[in-house]
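Coordinate-derived values only; no laboratory data. A quick note: this is a predicted structure, and the numbers were derived from the prediction, not measured. A quick note on method: Cβ atoms are made from the backbone with ideal geometry, for glycine too, and the neighbour counts reach across all protein chains shown.
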Amino acid sequence: MAAGGGGEQGSAVLELPRGPRLVCVEYPGLVRDVGKMLQTLGGEEGVSRIYADPGKRLELYFRPKDPYCHPVCANRFPTSSMLFKVKRKIRRKQLEAEGETQQEVKFEMEVLGVVSTVYKFQGMSDFQYLAMHSGPESKQISMYDKILMLKPEKEEFFNRELPLYIPPPIFSRLDTPIDYFYRPDVQHRDGYNNPQVSCENLIGLSRARRPHNAIFVNFDDDDIPTKPLEPAVQTWKKVCTNPVDKKVEEELRKLFEIRPVWSRNAVKANISVHPDKLKLLLPYLAYYMLTGPWRSLWVRYGYDPRKHPEAKIYQVLDFRIRCGMKYGYAPSDMPVKAKRSTYNYSLPITIKKPVSHTVSVQDLKHGLDTSSTSSAKKPASSRYKLKDSIYIFQEGGLPPYRQMFYQLCDLNVDSLQKIIHRNDGMETECTERDGWCLQKTSDDLRDTMSLMIKQIIRSTRPALFSSTSNPEDGKEQLTYDSGEEEEDEEEDFKPSDGSENEMETEILDYVYWDALPFALLSGNKTLNAEDAVNQLEVGKKSSRKELKLEETSMAVGVVHTEGGFVQGVNEKLSLFGDYIDIFRGIPFAAPPKSFEDPQQHPGWDGTLKAKEYKSRCMQVTLTQTGTRGSEDCLYLNIWIPQDKKQVSSNLPVMIWIYGGGFLLGGGQGANFLSNYLYDGQEIAVRGKVIVVTFNYRVGPLGFLSTGDASIPGNYGLKDQHMAIAWVKRNIKAFGGDPENITVFGESAGAVSASLQTLSPYNKGLIKRAISQSGVGLCTWAIQENPLFWATKVAEKVGCPTDTTTALGNCLRVTDPQAVTLAYHLEMVNLPYPLVHYLAFTPVVDGDFLPDRPENLFANAADIDYIAGTNNMDGHIFAGIDLPAINRPLVTITADEVYHVVQGLTLQKGVEAAKATFALYTQLWNNNPDQEVMKRTLVDLETDYIFLIPTQRALALHNANARNAKTYSYVFSQPSRMPVYPGWVGADHADDIQYVFGKPFSTPLGYWPKHRTVSKALIAYWTNFARTGDPNQGESTVPIRWIPYTREESYYLEINSDINYDSVKQSLRASYVQFWNTVYQNLPDVSSTFLD
């Protein structure tokens, strides 16, 4: 600050501040309330938003709360002014001599800032329209309460009878007077004849078509031109004076030789030519169709598409993206912007508007100076070229505009081309509406394209589309040259970010921006403006969804997959809960043929209703007296959690593989009163993951093998691989992350999950895996002598067994039911333990499993892995091998226990049996308790069948892992089976009910402690699927699970009382040591079991 002084001729020296530059608004009114004044300009944020865009005009609304108020607009001008603060100080001095006072005036000035921009309201206000209606006796009645929706309304609000009220969004395009220079009235000239008036069209008679010298043809015209008009020839010859123009002419000739019909945009995407030159060149080489299936297209001279059925591929399709809540998503979710929007329509600047340069023929002859344009930076060969997306529709891509004109040959999607060519060779008539295509072909194409686009939007779910990406960012902008009209280039426009109903958007903006001050103080806490705006944006979306009393759910809707469109069901989980999309019965492979690898599904027409489970793969019934299921069984099911605000995207994917000894099972699991065991709803919703279950072939049809190329086997594993690969390719369309897939399973499903990670077929498909009670190293996981069992089946159905080729050829043509029933698993009076009778399991085929599983762990080096067992997994097997263990009044003897030990250790002989029996009975006294003896047998079978191979697999995985983590667990929640003795812990498959959240979905059958363990399991499993760490993710866990290493061997004991003591080390270390060293070092002896 500096003070002025020095007398009348003095001057003040001022120091300019270095602060931010100011913006001046010359407000056309007397301001008494600054707050209300700012409201008329849209508030500080509204002014800032306008200032950020130099191309926008500042709008002043005299009635800011009236959405029908039309603004007066201010133009933006640069300036170099300053804002001063001037103080005038008056000092009165009393003169003693005369008794009078003398005033002493002093001025102080301070520069507050430099004004660089000024907005001046120099135009006139638009006409105003009040929402009023003339009632009885000409009384004016307000309509605002009837047409403005200030809160969610019931259906009656929309069905009321109201006077027609459709005010224009703007009355006048201009806000300054313009002098018009009228043309002379040609009707008074000599020789002028009035045009013949047609009742079909009275509009446009006074508007002459611009003289492009083009020939325009209607569909009903009899003849088509064979050469251009002479003026068109002369005009082009005047312009075509340089080699570049001649080259462009030659390129366009070649285009019309390749294909006789082109759209203007398609031409502009294939050759680089100035638009003004193209207007002169096209009439020189082609004529223009005005009506019919080739309307708005340029056709080569002499070619009549009405006489050539093959010309149907050149027909035009007027396609408009369906946008709005009635199509399943809010308009704000639409990343493709409207070409024009009345809501964001801004009045053109008419004051000091730069005059456009008129292009003359002379300019065209010598070339246009484009040095000042951005296009000058582009090479000449592509300066005026458009992108291919302006005329080609690609699968997985979005059109640049909401309305597009495609030629049918440019729809590069196989399913669309199938629709177009449905009547190839049967075309009989060319009609004005459908051309050479079948009736409603255009409708079918639009429906299919709309579903594809809807799915793309759903899968990407962009958060904000209001900002325009910077070309410098490297992101492709959805802005291209304008459409098909034969007019000058379009004016610049600002697309709308709102609804297709622009008045609705305006009303909603009015409602919520008016509520902004209240949002800033919502919830008894202060929010910043950005948070408040975000809340209001959510509110605007919610209000669009809540136009009716019944809330509209977020749903993925119809999904486009590689096979075609599928539609599931959307279910609400509770009164105030979220939603879930469920797809049941989607084919992931073609119906399989007996003893052949699965093949890709050929696809389907229309939309597949995926609402019911499909039959499981053919297998024996529980009584083994018949079969159930079907050969056509390769289907999968998907659960996708949704919330009330947005459609899910990029979710982790968990693929469940069911167990059943490779003999039984289905993707939906056991069913009781429509409560399916493998219902993925609880996992999906609680863990915010996508759950997938599927069917795969089991029994002889899935795993029979001759051990050679005749029937290599592993068909069930290959079915599993096909399902995993299908999910990888398609799950993004359902809202899943194809790069984050976890396979998990129990028993045979756990072995399958393990083997899938080891197979080279799945490289890059699987991110993580969980094995519950089974790994690829289990003794029953790999069939060592598959030909033995294949021969047994062949003999049972009457097939030759002298050669594997004859055996295989015969089985392939044998009734699948007969093959399935040919194997019978005995369950009583077995001479050897049950585990040895699991006949049809995977084999080392040299292809899908190129080596023994223990040699393939390098393939899982980058796959995070959880593996564990139930603490009494072997109980169900021990109960079959020695049924007395479940009968409290029946005793067992040491000899009976030894007999089971001997059966389990057949491979190593008597020495192994004795060593094993000694280890497991070392704590027995001379007269052991029956419970101790029975538990010993259960521990033995648990260790041999499940725990020992699982610990070995964990060690191998950890040894081969690069960045992958390894986790070990034991599940010990006691069994709920009422017929079991009280000492029984977690039996085989007891964990499944908790993983699938049955204590929550059927709460009456469980206690709170069961929900505790279920919540913990789901949390650990889904966190692991999300991050690779069971402790980190969307769900809270009771205790931190420490990763497994060979050195420390941490594991987690999971039950309803998880605490710090649940994290333990060295699970059954002495027994693991025995089986992996002492037992393995014993020599193999010949076994008579298979005899």
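Some observations on this one:
- Near the amide H of residue 1039, within less than 5 Å, lie no amide hydrogens of residues on another chain or at least 5 residues away, with H placed in the peptide plane.
- Of 154/454; 593/718; 688/732, pairs whose Cα-Cα distance is over 21 Å: 154/454
- Shape call, region 853-909: gyration tensor on alpha carbons, a/c limit 1.5: oblate
- Between residue 1036 and residue 1001, the C-beta separation translates, for a Förster distance of 25 Å, into a calculated FRET efficiency of about 0.75.
- Placed amide H near residue 654: partners under 5 Å, 5+ positions off or other chain: 690, 691, 692, 742
- ³J(HN,Hα) computed for each position of region 426-436 - Karplus, 6.51 cos²θ - 1.76 cosθ + 1.60, integer Hz, glycine/proline x: 10, 5, 10, 8, 9, 9, 5, 7, 10, x, 8
- Centre separation in Å (Cα based) which lies between region 864-894 and region 24-83: 81 Å
- Annotation: amide H-H contacts under 5 Å for residue 971 (H modelled 1.01 Å from N, sequence separation of 5 or more, or interchain): 869, 870, 871, 1054.
- Table column - 3J(HN,Hα) (Hz), region 601-610, Karplus curve with 6.51, -1.76, 1.60, x for Gly and Pro: 5, x, x, 8, 8, x, 10, 7, 7, 9
- A protection proxy built from the mean count of other Cβ atoms within 10 Å ranks the segments 729-741, 1034-1046, most packed first, as 729-741, 1034-1046.
- Magnitude of the charge dipole, region 2-147, Cβ model with Lys/Arg +1 and Asp/Glu -1, debye to 20: 260 debye
- Computed from the alpha carbon atoms alone, the convex hull of region 2-147 holds 225 Å³ per residue.
- Computed from the C-beta positions of residue 128 and residue 440 and an R0 of 41 Å, the FRET efficiency is 0.30 to the nearest 0.05.
- Region 211-316 shape via C-alpha gyration tensor axes, a/c threshold 1.5: prolate
- Segments 968-980, 791-803 sorted - mean Cβ within 10 Å per residue, highest first: 968-980, 791-803
- For region 551-658, the Kirkwood hydrodynamic radius from C-alpha pairs, put into Stokes-Einstein at 20 °C and a viscosity of 1.002 mPa s, yields a diffusion coefficient of 135 µm² per second.
- Largest to smallest principal axis extent of the C-alpha atoms in region 616-704, angstrom: 51, 28, 20
- Members of 146/440; 572/1064; 237/307; 65/645 lying beyond 30 Å, as alpha-carbon distances in this model show: 146/440; 572/1064; 237/307
- Of 85/106; 246/277; 247/312; 36/56; 614/767, pairs whose Cα-Cα distance is over 19 Å: 247/312; 36/56; 614/767
- In this calculation the C-beta distance from residue 108 to residue 83 is compared with R0 = 22 Å, giving a FRET efficiency of 0.90.
- Gained length - residue 53 relative to residue 432, 0.36 nm times residue gap less alpha-carbon distance: 131.8 nm
- Label separation (residue 910 vs residue 159): 9.1 nm, computed from points 7 Å beyond Cα along the C-beta direction.
- Extension gain for the segment residue 1073 to residue 318, taken as residue separation times 0.36 nm less the Cα-Cα distance, is 264.4 nm to one decimal.
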